[in-house]
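The values are calculated or read from the model by the stated rules, or taken from the named source; none is laboratory data. All of these numbers come straight from a predicted model, not from anything done at the bench. Cβ: placed from backbone, ideal geometry, glycine included. Neighbour counts: every protein chain shown. We work out accessible area using only protein heavy atoms, side chains counted, and drop any ligands, DNA or RNA first. Shrake-Rupley method; radii C 1.70, N 1.55, O 1.52, S 1.80 Å.
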Amino acid sequence: KMFKTNDYWEEEFVQYDDKILDSIYFDDCTFIKCDFSKAVFSSCKFRECIFIDCDLSLSVLKNCVFNDISFENCKLIGISWSNCEEPFDVKFDLCNISQNSFHLMDLRQMKFINSLIKDTGFEECNLERAVFDNCDLELSSFIKNNLKKANFVSSKNYLIDPKQNDIDKAEFSLPEALSFLSLLPIKIR
């Protein structure tokens, strides 16, 4: 199954497994059980699309746009999103987005829901009002981010250094918020 043209609208793609996607525009499309692992996406635009049960692990994204995109129950391991173009508007629900990289990105109001976000790097991102709902952030790093009003209330295993990130009015819950204490030069008995 291969993409034949470079413009698709309101189409459904089931079990596609192309590995090179170049300059294709997808508008209001649905991808189901597609295997795009190790694929190279160059200058592709996705607008109002849904990916369900897809695997994009280790894919390479060059100058792509993801605008109003939903990933549901997808495997997205080892992806660097940093070469994506604006607007970047993505929702992850029930996804494995481990070993990802988000660097210098505008992720305001992004929704990360019921996802495993292990060993992922958030560096110099704007995560203002982002929601991490019931996510596992084990070994993920947060460096020089704007986390104002971000919501981590139902998530776990995060380690966020308040000296390295702006956490003004961000929301956390106990006992997870005690992780802040581990960053202080103190002994707790």
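Descriptive notes on the structure:
- Meets criteria (part of a helix (DSSP H, G or I) and open to solvent by less than 60 Å² (accessible area, probe 1.4 Å)) for Phe180: yes
- Residue match in the stretch 139-153 (condition: more than 20 Å from the chain's Cα centre (by Cα) and free of Cβ contacts under 8 Å to residues at least 24 places away in the same chain): no
- Test result for Asp55, in contact with a strand residue (DSSP E or B) (Cβ under 7 Å, 6 or more places away or on another chain), open to solvent by less than 40 Å² (accessible area, probe 1.4 Å), of a type in the set (D, E, K, R) and farther than 19 Å from Asn157 by Cβ: yes
- Some residue of the stretch 66-86 being open to solvent by less than 60 Å² (accessible area, probe 1.4 Å), of a type in the set (Gly, Ala, Ser) and within 9 Å of the chain's Cα centre (by Cα): no
- In the stretch 116-152, residue most open to solvent (accessible area, probe 1.4 Å) [restricted to those that are among the acidic types (Asp, Glu) and part of a strand (DSSP E or B)]: Asp133
- Number of residues in the stretch 60-86 that are over 23 Å from Lys118 (Cα atoms), hydrophobic (A, V, I, L, M, F, W, C) and assigned to a strand (DSSP E or B): the value is 1.
Here's the yes/no breakdown for (1) at negative phi; (2) free of Cβ contacts under 8 Å to residues at least 12 places away in the same chain:
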residue	(1), (2)
Lys111	yes, no
Leu116	yes, no
Thr120	yes, no
Glu123	yes, no
Asn157	no, no
Ala177	yes, yes
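- Counting only strands (runs of 3 or more DSSP E) that sit completely within the stretch 1-40, those holding 2 or more residues that are among the aromatic types (Phe, Trp, Tyr) correspond to 7-9, 25-27.
- Checking Phe13, Phe41 one by one, the residue that is under 23 Å from Met110 (Cα atoms), modelled with pLDDT of 95 or more and surrounded by 14 or more Cβ atoms within 10 Å (Cβ to Cβ) is Phe41 and no other.
- Val14 closer than 23 Å to Phe112 by Cβ and among the hydrophobic types (A, V, I, L, M, F, W, C): no
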